[in-house]
Amino acid sequence: MSEITAVGVGLEADQLTFAAADALKRGARVILHTGRVGCAQWLEHQGVPFETLDHLYDECADFDEHAERAAAHVMAAAREGDVVYAVYD
């Protein structure tokens, strides 16, 4: 299995730490827990491709199911290469 790096990104782009920004830009597959954070716009501005798990909010019956499916998605992605999983904190 590849490496999974969990990064706290805050709600606004100006809340990113240098370490978080470096992790997001290092070339691994970037998965955002949600695209409704300032980090998403920052990533677009930086030209860093990413995906979000926003669709799970509509598809899941509750937060337990959401957490399980998010974890399964990140684990499946890690079978293909390194992943940076960005969550708001």
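The values are calculated or read from the model by the stated rules, or taken from the named source; none is laboratory data. These numbers were taken from a predicted model, which means no experiment stands behind them. Every residue, glycine among them, receives a Cβ derived from its backbone with ideal geometry; neighbour counts consider all protein chains shown. Only protein heavy atoms, including side chains, enter the accessible area calculation; ligands, DNA and RNA are left aside. Shrake-Rupley method; radii C 1.70, N 1.55, O 1.52, S 1.80 Å.
Numbers below:
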{"read-out": "Filter result for the condition that a residue is without any contact (Cβ under 8 Å) to a residue 60 or more places away in the chain, under 12 Å from V9 (Cβ atoms), in a strand (DSSP E or B) and open to solvent by less than 50 Å² (accessible area, probe 1.4 Å), over V30, V84", "value": "V30"}
{"read-out": "Flag for A6 being out of contact with any Leu (no Cβ under 9 Å at 6 or more places or on another chain) and either at pLDDT 95 or above or not in a helix (DSSP H, G or I) (or both)", "value": "yes"}
{"read-out": "Among the residues listed as T17, T5, the single one being open to solvent by less than 90 Å² (accessible area, probe 1.4 Å), β-branched (V, I, T) and in contact (Cβ under 8 Å) with a residue 12 or more places away in the chain", "value": "T5"}
{"read-out": "Residues located in segment 33-63, provided they are open to solvent by 20 Å² or more (accessible area, probe 1.4 Å), in contact with a Phe, Trp or Tyr (Cβ under 9 Å, 6 or more places away or on another chain) and in contact (Cβ under 8 Å) with a residue 24 or more places away in the chain", "value": "H33, V48"}
{"read-out": "Filtered residue count, segment 4-43, keeping only those that are under 9 Å from the mean Cα position of the chain (by Cα) and hydroxyl-bearing (S, T, Y)", "value": "1"}
